[in-house]
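The values are calculated or read from the model by the stated rules, or taken from the named source; none is laboratory data. Remember, it's a predicted structure, so these values are computed and weren't measured experimentally. We place every Cβ from the backbone using ideal geometry, glycine too, and count neighbours over all the protein chains shown.
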Amino acid sequence: MKNNIKFNIETIIDEYSNYVFKIVNNIVGTSLPYQDKEEIVADVFYLLWKNQDNINKDLKSYLSAITRNCVYSKLRNKKVTFELKEELITDNITFNNDIIFEQIFIRQKLEELSDIEKTIFTLYYVDGYKIKEISKKLKLTSSGIKIKLYRIRKKLKEEI
């Protein structure tokens, strides 16, 4: 962690493995076998251990973000497609009220974006596509995608 304090990975695994597995299971449901879900959990804790010096925020939030990214990466690699259900993102996991209100606010602000901005935002931040993949998919230049992402982030930062 940023304070040069090394944490005990075994303790963190014991404390947070059920939490991480619950996130994985909520996102993928029956799209992946149990062994793949366990592999994702192991990947999450490996990435946590590998990047422990770069963690500068709440450990639980960091684990949640790593977990979502690992799940989407695994699903892309396995070429699994599924429909993301909005209630799976927050309803089955307990967060504090500040995080819930922040998510609701961000979703409201995202609704104010144009259709192309929503599409680019979703493809990049939710689905995990790379800029080159988005540009091919939408038949736009990579620099155009980068500019749009910059402007989207700027709009959201101004409001938040």
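Things worth noting here:
- Residue count, the stretch 25-37 (criterion: at pLDDT 85 or above and either in contact with a Gly (Cβ under 8 Å, 6 or more places away or on another chain) or of a type in the set (A, V, I, L, M) (or both)): 0
- Residue 17 vs. criteria small (Gly, Ala, Ser), outside the structural domain of residue 126 (by TED's automatic domain parsing), under 14 Å from the mean Cα position of the chain (by Cα) and surrounded by 12 or more Cβ atoms within 10 Å (Cβ to Cβ): no
- Residue tally, condition at positive phi and surrounded by 15 or more Cβ atoms within 10 Å (Cβ to Cβ), over the stretch 106-160: 1
- Checked against (1) closer than 18 Å to residue 65 by Cβ; (2) touching a Ser or Thr at 6+ places or on another chain (Cβ under 7 Å), residue 142 passes all but condition (1).
- Where helices (runs of 4 or more DSSP H) sit wholly within the stretch 55-160, those with at least 3 residues that are modelled with pLDDT under 70 and assigned by TED's automatic domain parsing to the domain that holds residue 19 occupy 86-90.
- Selection status of residue 40, modelled with pLDDT of 80 or more, part of a helix (DSSP H, G or I) and under 18 Å from residue 127 (Cα atoms): yes
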